[in-house]
Amino acid sequence: MSQMGLTPGSNANEAMKLCVFDLRRGQTEGQELDKILFFYPADLALSTQLSVIGLSEGLITFTRHLTVVSCRIFSPDAACEVIEAEMHSHVFYEAEPDIWMVMVAEKNKESEAIWRIDALRRVLKEVHSLFVMFHGPVRALIDKEPTGGLARTHLYYFIMDFLSDFFIGRKLQLPNFRDSLKERGTVQMLTVGREAALEVQSLVRVLESCAGNTRCHSLTMFQDLLVSTNLSPIDTVSLFTYAVLRLTPLALSSGASSWSYSRKGNTACNTSAGALVANSDLIVDQYYNTSDTNPVGNRNYHVVRPLQHAKWSKGKDGFLVTDIWGAKVNSLMPASPTIWLHQTDEKMYIFPYQHRGLTVILLIPVSSINGEQGIALVKQQILENASMKMFKVEEKLSRGWGGENAYHVSGYRYLLVDGDRFVSRASPPGKVTTLTKESLVALSKLREEVDSEKSRAKRDNCEKDLEICTRGKNNAWFIARLTRGKELYMVLEKANETLLYASDAVEKFSERYCDGDFSLD
């Protein structure tokens with residue numbers, strides 16, 4: 001058995017394959033392996049990995065040089081986004097110039113294997129955005145260490161830790177039709193009253209004063225919902241997503257079943273997550289050799305793994321602490337966590353503080369803090385000047401909080417998306433589960449149709465309003481309305497059979513909950 005070949009227990013027929021490769025590498029015969037930066041499953045034979053990537057590379061090159069292929073229009077500036085084969089869907093995402101991520105999802109007769117291509121692509125976008133937030137661009141890692149070993153090692157651990165959240169039992173569960181009333185890559189906002197909003201604004205000003213004259217940022221959350229931030233939309237989405245995954249009270253509660261709109265899986269039944277992460281170390285040990293072209297990386301690199309489970313905890317002073325970033329130089333104390341901001345390309349210290357349901361994250365440039373002494377001073381300032389404010393804000397938000405069903409609207413199952421602001425709101429997951437499978441599948445197909453229309457409008461550089469209203473075999477209504485960058489998706493089960501009824505229901509919802517954004521008048 002070859003060093004990188006299949007091992008007993010590995011599965012060459014894994015229902016999902018995911019790879020990252022660099023088109024600028026491995027173009028010389030005999031050096032093809034050099035282009036592979038990541039591959040899942042990692043224990044597939046190299047010949048299989050190269051076959052998948054070779055096919056993907058060929059499709060990218062092919063579509064870049066064609067004008068029309070099977071009714072799908074391509075251009076040199078926009079290579080293919082998806083190829084539908086008889087047995088597989090190939091989903092493409094150019095994460096960075098010439099650095100591609102490809103997911104190959106197997107089509108089978110299994111009842112749950114119904115998905116939207118855009119939902120799968122959003123998974124690729126999310127893992128890349130999170131990776132860049134912690135490690136910087138993939139290209140920068142390659143430039144720093146041209147053999148590629150540094151990039152491969154970081155990608156391997158990060159993506160494997162990321163995928164651990166998708167396991168339910170022993171099976172990796174891709175986003176499917178049951179997620180049709182969710183929108184990955186957006187944040188969910190908490191609606192607050194005027195009095196609470198003023199308290200939050202006051203808290204933000206106090207937090208900024210804790211950084212002295214240094215320009216800083218903050219993000220405030222209540223439960224798994226965003227309350228306030230002064231970050232850019234892209235940075236907000238990335239940090240919000242990470243907070244929901246690992247930092248909020250629900251994320252810190254071991255084994256808790258989260259109602260969060262953003263949670264990928266139910267941690268109470270996610271029994272294989274830890275096993276996958278633990279197996280990551282075993283695979284690297286098993287397949288590691290001295291060559292930095294090894295697709296699973298090099299064990300000699302120090303790797304920060306921010307997506308590891310159960311690595312954050314709440315300290316006695318209220319700050320969230322972790323040893324993920326290693327230890328301080330000449331000390332046993334954990335090093336302070338850092339991230340990169342997309343908008344400013346700055347490396348920032350993050351100071352997460354939590355009081356009951358409130359999580360506040362202060363971000364200060366690494367360049368403006370004088371080592372650990374400066375970090376300790378900032379924390380002291382927060383405790384002395386902002387802690388009481390945070391207690392007060394948490395109390396006010398708790399009094400006004402309606403619980404996990406706060407945004408339930410009786411008779412409706414809905415999803416609202418503001419694409420320009422990266423914000424969404426949806427029916428609570430517990431209410432969505434009351435929909436029949438037939439309704440969820442029909443909604444997924446409706447959204448797939450809308451995705452196609454949006455893609456066509458994007459190619460034509462012409463944004464247009466859209467309305468689709470269909471009636472299912474189960475007599476439910478499925479509605480989509482798009483206008484001025486905003487989207488509304490709705491399912492009405494047990495509704496009147498007339499189109500007028502469905503239209504009136506949407507109008508009432510729009511006027512009451514959307515400020516009339518989706519009204520036809």
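The values are calculated or read from the model by the stated rules, or taken from the named source; none is laboratory data. Source: prediction; values computed, not measured. FYI the Cβ positions are ideal-geometry reconstructions off the backbone, even for glycines, and counts take in every protein chain you see. Protein only, heavy atoms only, side chains kept; ligands, DNA and RNA dropped before computing areas. Shrake-Rupley method; radii C 1.70, N 1.55, O 1.52, S 1.80 Å.
For ASN475 and PHE319, a Förster radius of 51 Å and the Cβ-Cβ distance give a FRET efficiency of 0.40, rounded to the nearest 0.05. Simple spin-label estimate for HIS302 and ALA406 gives 4.1 nm between the two label positions (7 Å along the Cα-to-Cβ direction from each Cα).
Counting only protein chain heavy atoms and rolling a 1.4 Å probe, the accessible areas of ASP161, ASP323, ASP118 rank, largest first, as ASP323, ASP118, ASP161.
Rounded to the nearest whole Hz, the Karplus-based 3J(HN,Hα) values (6.51 cos²θ - 1.76 cosθ + 1.60, θ = phi - 60°) of segment 40-49 follow the sequence 10, x, 6, 9, 6, 4, 4, 4, 5, 4, with x at glycine and proline. Of the cross-linked pairs LYS182/LYS431; LYS125/LYS347; LYS17/LYS437, those separated by over 23 Å at the C-alpha level are LYS17/LYS437. Within the set of other residues whose C-beta is less than 12 Å from the C-beta of MET189, count the net charge using Lys and Arg as +1 and Asp and Glu as -1. Summing Lys/Arg as +1 and Asp/Glu as -1 gives 0.
3J(HN,Hα) along segment 389-405: 4, 5, 4, 5, 5, 4, 5, 5, 5, 5, 5, x, 7, x, x, 5, 9 Hz, from the Karplus curve 6.51 cos²θ - 1.76 cosθ + 1.60 with θ = phi - 60°, whole Hz, x for Gly and Pro. A Förster distance of 60 Å, applied to the separation of the beta-carbon atoms of ASP517 and THR338, puts the FRET efficiency at 0.95. Grab the other residues whose beta carbon is less than 13 angstrom from that of GLY485, score K and R as +1, D and E as -1, and report the net. Neighbourhood net charge equals +1. For segment 461-521, trypsin sites (Lys or Arg not before Pro) meeting the loop criterion (DSSP other than H, G, I, E, B) and having at most 12 other Cβ atoms within 10 Å: LYS464, LYS473, ARG484, LYS494. Take the Cβ atoms of SER51 and LYS464, set R0 to 25 Å, and the FRET efficiency comes out at 0.05. How many angstrom separate the Cα center of segment 109-141 from the Cα center of segment 179-237? Taking the Cα centre of each part, segment 109-141 and segment 179-237 sit 24 Å apart. For VAL187, nonlocal amide neighbours, meaning residues 5 or more places apart or on other chains whose placed amide H falls under 5 Å from its own, are VAL423, SER424.
Only sites in a loop by DSSP and with at most 15 other Cβ atoms within 10 Å count here; which trypsin sites (Lys or Arg not before Pro) in segment 117-172 make the cut? The qualifying sites are ARG170. The listed residues HIS88, HIS154, HIS342 rank as HIS342, HIS88, HIS154 when sorted by accessible area, largest first, using a 1.4 Å probe.
A simple rule links phi to the HN-Hα coupling: the Karplus curve 6.51 cos²θ - 1.76 cosθ + 1.60 with θ = phi - 60°, which for segment 53-61 gives 5, x, 5, 4, 5, x, 5, 4, 5 Hz, with x for Gly and Pro. Note on segment 448-521: Lys pairs 8 or more places apart or on different chains, Cα atoms under 15 Å apart, count 5.
Any chance you could check the Cα centroid distance between segment 342-410 and segment 443-485 for me, in angstrom? Centre-to-centre (Cα) distance: 38 Å. Were the residues from ARG139 through ASP420 laid out at 0.36 nm apart, the gain over their Cα-Cα distance would be 98.4 nm. In this simple spin-label approximation, LYS311 and ASN213 carry label points 7 Å from Cα along the Cα→Cβ vector, and these lie 3.7 nm apart. Rolling a 1.4 Å probe across all protein chains gives GLU195 an accessible area of roughly 120 Å². Note on ASP451 and GLU84: the model spin-label points, each 7 Å out from Cα along the C-beta direction, lie 1.0 nm apart.
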